[in-house]
1. Using Cα springs under 10 Å in a Gaussian network model of the chain, which residue among ASN156, ASN172, ASN264 shows the largest mean-square fluctuation?
2. Quick check: convex hull of the Cα atoms in the range 288-372, volume per residue, rounded to a whole Å³?
3. Sort GLU291, GLU211, GLU80 so the one with the fewest other Cβ atoms within 10 Å of its own Cβ comes first.
4. Name the long-range amide H neighbours of VAL319: under 5 Å, sequence gap of 5 or more, or other chain; modelled H, no Pro or chain starts.
5. How large is ³J(HN,Hα) for each residue in the range 240-246, as worked out from phi by the Karplus curve 6.51 cos²θ - 1.76 cosθ + 1.60 (θ = phi - 60°), to whole Hz, x for Gly and Pro?
6. How big is the gap, in Å, between the Cα center of the range 296-318 and the Cα center of the range 33-49?
7. Considering lysine pairs in the range 17-65 that are 8 or more places apart or on different chains, how many have Cα atoms under 14 Å apart?
8. Could you work out how much longer the chain between LEU155 and PHE130 gets when fully extended? Use 0.36 nm per residue separation minus the Cα distance between them, nm to one decimal.
Amino acid sequence: MIKTLIVFGTRPEAIKMAPLVKELKKDFHFDVKVCVTAQHRQMLDQVLEIFDIKPDYDLDIMKYNQSLFSITSDVLLRFEKVLEKERPDIVLVHGDTTTTFAAALASFYFKTKIGHVEAGLRTYNKYSPFPEEMNRKLTAALCDLHFAPTKRAKLNLMAEGVKEETIFVTGNTVIDTLKFTVKEDYVFKEDSLTNIDFSKRIILLTAHRRENFGKPLENIFEAVLKIANEFEDVVFVYPVHLNPNVKDVAHRILKDHPRIKLINPIDVDDMHNLIARSYLVLTDSGGLQEEAPSLGKPVVVLRDTTERPEAVLAKTVVVAGTSKERIVEIVTKLLTDEEEYLQMARAVNPYGDGEASRRIKDALLYHFGESSKKPNEFRGSDKYV
Ligand code: UD1
Ligand code: UDP
């Protein structure tokens, strides 16, 4: 059996690792253990519950308004003990959080093989997104196997000297998750969602990036306020991230507007079906830039850079930055120019076909000599390079 230790800590990592946990657990070749760092507590537990994942280890590291220093050192020290106990054949990490990097570093110190899911995303700007761009570069340097979601991500890795035979283009596992969560006849669980007037145009908003704390976040919220005041047929729905640097500012600037609904973080199935019923998405999130295009919803990215250029090339995502005027200008255009809107509102799938977890499993079987068949690659992203 291939002793596989899967580690993650935040909401998006859990959403994207859940289908892989399920896929590997179904296969008798794998002995799967799950370790959560709980870099997020409530937002992680929400996901674990939906997917019925009961971690074998919970490092329980989250502190109020935690620093990068405390996350890194707590994960490093506590994960060492799990490695000592489990002695896995391979550790699987995901993406670019500080959990990802610290768990990969600990695994390297332990001389354990490491596989990186969602490998190869880059902006080539050290501080944008911060600290994610460096987290994923440093993680790549530590890893033995790289599961790139797209062709572009594979090329990024090769340009950094990563050997081609260690890279597998799999598609993004988030599309596997979407197949599980989105349903036409879905009924929302949250009262905060059932009460929304869906006869109006819904703009879904999320924001949480560290480089947007302070003035950029204030600009974003002032733009939202202006748009809400100008368009009476629009309702903003904003599940506010629990980070106090976001939550406090959001409530200060946006509270009490009749058409801006500030709600608590919602379950991922509610969220995915909310995207499906929205008109437009405004976000600085990474995951939403993948989910919304797959569901045919235009995305306005509230950041200066994106590591997900595929949907920008496919013209369903536009990078707005964080200037109030620019955000208002782009959103106004999409609310008033139907042709422009319809050009962006097309379902494109440069990020996956729902088979990413299966391809990662096949790549692991191939790598460990359990299968002689190299997994087929996801080709849907080939033209977006
Ligand atoms: C983290 C990741 C970011 C990822 C994001 C997904 C790092 C450095 N950042 O950012 O890459 O995009 O998660 O959401 O790895 N909090 C709670 N409960 C929760 C979650 C957070 O109270 O369930 C509060 C805590 O006060 C915590 C703070 O939010 O200290 C910040 O959490 P942290 O994981 O450090 O940063 P995020 O901004 O969530
Ligand atoms: N999400 C969710 N509930 C919410 C907000 C977001 O389930 O209230 C999901 C969203 O659909 C996506 C993921 O969380 O799958 C994105 O997380 P986040 O924006 O926090 O992180 P990022 O993707 O930027 O790392």
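1. ASN264
2. Working: hull volume 8.2 nm³, N = 85.
Roughly 96 Å³ of hull volume per residue.
3. Numbers: GLU291 28, GLU211 20, GLU80 14.
By the 10 Å Cβ count, ascending: GLU80, GLU211, GLU291.
4. VAL301
5. The phi angles translate into 7, 4, 7, 4, x, 5, 9 Hz.
6. Spelled out, the Cα-based centre of one part sits 28 Å from the other.
7. Numbers: LYS22/LYS33; LYS22/LYS54; LYS25/LYS33; LYS25/LYS54; LYS33/LYS54.
Lysine pairs satisfying the spacing and distance rule in the range 17-65 number 5.
8. Values: separation 25, 0.36 × 25 = 9.00 nm, distance 2.23 nm.
Full-extension gain reported as 6.8 nm.
Bear in mind these aren't lab numbers, they're just calculated from the coordinates by the rules spelled out. Here the structure is a predicted model, which means the values were calculated and not measured. Note: ideal-geometry Cβ built from the backbone for every residue, glycine included; neighbour counts use all protein chains shown.
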